1. Is it true that some residue in region 119-141 is under 14 Å from residue 80 (Cα atoms), free of Cβ contacts under 8 Å to residues at least 12 places away in the same chain and in contact with a helix residue (DSSP H, G or I) (Cβ under 8 Å, 6 or more places away or on another chain)?
2. Find the residue count for region 104-122, including only residues that are modelled with pLDDT of 90 or more and buried (at least 16 other Cβ atoms within 10 Å of the Cβ).
3. Is at least one residue of region 94-115 touching a strand residue (DSSP E or B) at 6+ places or on another chain (Cβ under 6 Å) and assigned to a helix (DSSP H, G or I)?
4. Looking only at region 76-92, which residues are part of a helix (DSSP H, G or I) and either in contact (Cβ under 8 Å) with a residue 24 or more places away in the chain or more than 11 Å from residue 142 (Cβ to Cβ) (or both)?
5. Which of the residues belonging to region 59-85 are loosely packed, with under 12 Cβ neighbours inside 10 Å, at pLDDT 85 or above and out of contact with any strand residue (DSSP E or B) (no Cβ under 9 Å at 6 or more places or on another chain)?
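The values are calculated or read from the model by the stated rules, or taken from the named source; none is laboratory data. Note that the structure is predicted; figures quoted are calculated from it, not measured. Note: ideal-geometry Cβ built from the backbone for every residue, glycine included; neighbour counts use all protein chains shown.
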């Protein structure tokens, strides 16, 4: 078994009554130098219980794409971007428009409208210069502060 085991192999060894998962870091005269995966301690092992996995060949580096990938917007930021062009809108219209334009990807949340409504009111009440305000022309709607 000693001539078959290579550096980088994951195996288990007995330490007292316990089995410890280790990575083989060197082959010695009497066994192997190993590093515990749980504690990071290095020690010499004379016997391996079993091999868990063979060393993995490193994956080739991915080809770098040009620029950073676009990060999905939060629903609150998507609403702000929508209100830059259309105003005033209620939260139901904002959620529908954000999903339609692809600014926000719908999640498994059951009540995104209520979450957006709450987030807008937290921003109005908590920030010194909020982005949103209640619409004076249309009840239940919001618009951007100009």
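1. For region 119-141, residues under 14 Å from residue 80 (Cα atoms), free of Cβ contacts under 8 Å to residues at least 12 places away in the same chain and in contact with a helix residue (DSSP H, G or I) (Cβ under 8 Å, 6 or more places away or on another chain): present.
2. Qualifying residue count for the region: 7.
3. Checked region 94-115: no residue is touching a strand residue (DSSP E or B) at 6+ places or on another chain (Cβ under 6 Å) and assigned to a helix (DSSP H, G or I).
4. Step one: list which residues in region 76-92 are part of a helix (DSSP H, G or I), which gives 76-83, 91-92.
76, 77, 78, 79, 80, 81, 83, 91, 92, listed by residue number.
5. 85
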